[in-house]
Each structure stands twice: as C-alpha cells, then as structure tokens.
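Structure, as structure tokens:
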Amino acid sequence: MSQVNFVRRAPAQPVPPVEVTDSQRTIVYMAASLLLDYPGEDFEQRLATVRESIDELPLALADRFVAFCDWAQGQTRTEVESAYVETFDQKRRCAPYLTYYAVGDTRTRGAALLTFQELLKAAGFELTGSELPDYLPIVLELSARSDDPAVQALLPAYREGLEVLRAALGQLSSPWTALVENVCAVLGPIPDETMELYQKLIRQGPPAELVGTGELPFPTSIPGV
C-alpha cells in the first residue's frame with residue numbers, strides 16, 4: 001500500500017487565496033463535491049473524472065487534488081470508506097453540514113435547513129436521496145451548476161464553517177483537508193468579520209442551544225425568491 005505524506009500548515013492559519021477564472025472555480029467546486037461525498041461504488045470513476053478535469057487549474061490547486069487521488073488509489077475502497085466514516089460521521093467537529101457550524105444541533109437548525117431547501121427549489125434543483133440540503137458536496141455541486149446569485153453567495157456566507165472544517169481536518173492530518181483547502185482558496189481572502197467568527201468557533205465550538213429566533217446567524221431570506 002502506498003503512503004502519501006500530507007504536510008499541513010498550522011490549522012488556524014488561512015489558506016493562501018488562489019486567483020481563478022469562473023470556469024476554474026466551477027471545476028474546483030465540482031471536483032471537491034465528487035471527492036467529499038461518501039466513497040461508494042463509483043468512487044474509482046470519480047477519482048478518474050477529477051484527474052481528467054484539473055489540467056486547467058493553477059498548480060497549487062491541481063497538486064492538492066492529485067495528492068488526494070494518489071492517497072485514495074493507494075487504499076482499498078473499504079479502507080477509504082472506513083476512514084471517511086471515522087472522519088466525517090464519528091467526529092462532530094468534522095461534520096460536513098454547513099448549518100451545523102452556524103447554529104449547532106439547536107432548535108433553529110430546522111429554519112436553516114429550510115432556507116437551503118428553498119434555495120435548491122428556487123434554483124431549479126430537486127434533492128434526491130437522504131442527505132440534508134446543507135451537505136457540503138450538495139452545496140458544492142449546486143454552486144458548480146448554477147449561476148444564480150443567491151446560490152453563488154452560499155459558500156461565502158458559510159465561510160467560517162468551512163474554515164473550521166478545514167482546521168479540524170488539518171489537525172487530524174486527514175487527506176480530505178486538501179479538498180476543503182482548495183474550496184477555501186478559490187473563495188478569496190477571508191473578510192475580517194468572518195475571521196473573527198472563525199476564531200470564535202475554533203475556541204468555543206458551534207452553539208449548544210439558541211433561545212428564540214429573532215437574530216439567527218444565517219440568512220433566512222433569499223434575494224429574488
């Protein structure tokens with residue numbers, strides 16, 4: 001079995017932004033969506049698809065995708081599946097659900113999920129399967145396929161959650177860190193306000209409970225919907 005060494009920056013440090021075209025950003029979103037989803041029976045095909053699609057990307061982004069693919073192809077699919085479950089299903093700090101980082105498992109999460117569901121519907125997409133609408137691979141695929149302004153605002157709106165996920169994966173030296181790093185890199189520099197929220201989440205974790213719904217830490221209305 002081959003081994004790939006993943007050398008990581010200190011988790012709290014932002015990923016250097018990489019300037020990309022709109023088409024390159026779309027490739028990053030779609031490739032990350034394919035590889036961050038559960039590695040089922042079609043995983044080998046997904047790896048091959050990503051390898052074939054990244055030639056046009058800046059080297060820093062392409063190298064991260066290649067490193068992940070090299071690691072994954074050096075394991076059996078059972079081993080990758082086991083690592084995925086251990087990482088994303090058994091460690092709450094690595095939850096692949098964007099609203100978790102904004103509101104935690106609180107009473108207000110239902111409203112956050114409804115916002116995502118309405119946005120999918122407004123953009124002309126129908127959610128199939130059992131995953132929640134804020135599942136990161138779903139949001140990445142939607143962002144890759146839709147040019148709706150409200151859709152394009154989703155990932156930036158939940159940037160602090162993405163950064164917390166990236167940091168948590170980095171602390172584990174997880175190969176999936178590279179994929180979230182690429183998503184963060186093409187979102188550009190982190191605004192100061194978002195950095196403050198990110199650092200607060202790192203220190204305190206997601207909310208344990210919120211009382212009332214007067215001031216929710218996520219958008220509850222969708223422009224144009």
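Most tightly packed first, judged by the mean number of other beta-carbon atoms within 10 Å of their residues, the peptides 168-177, 124-133, 59-68, 14-23 read 168-177, 59-68, 14-23, 124-133. The percentage of C-alpha pairs in region 62-111 whose separation is greater than 19 Å is 48%. If R0 equals 25 Å, the separation of the Cβ atoms of residue 86 and residue 48 corresponds to a calculated FRET efficiency of about 0.50. Applying the criteria of a DSSP loop state and at most 15 other Cβ atoms within 10 Å to the trypsin sites (Lys or Arg not before Pro) of region 105-150 yields 107.
Approximating the spin labels as points 7 Å out from Cα along Cα→Cβ, the residue 13-to-residue 157 distance works out to 3.2 nm.
Using only the Cα atoms of region 71-144, build the gyration tensor, take square roots of its eigenvalues as a ≥ b ≥ c, and label the shape rounded, prolate or oblate: rounded if a/c is under 1.5, else prolate if a/b is larger than b/c, else oblate. Oblate, because a/c is 1.5 or more while a/b does not exceed b/c.
Two numbers describe the Cα atoms of region 101-183: Rg and Dmax, which are 13.4, 38 Å. Ordering 36-43, 134-141 by mean Cβ neighbour count within 10 Å, with the highest value first, yields 134-141, 36-43. Once each part is reduced to its C-alpha centroid, what is the distance from region 15-31 to region 115-171 in angstrom? Region 15-31 and region 115-171 have Cα centres separated by 15 Å.
The numbers here are math on the coordinates, done by the rules we state, and not lab data. The structure displayed is predicted, hence computed values, not measured ones. Neighbour counts are summed over all protein chains in view; Cβ atoms, including those assigned to glycine, are modelled from backbone coordinates with ideal geometry.
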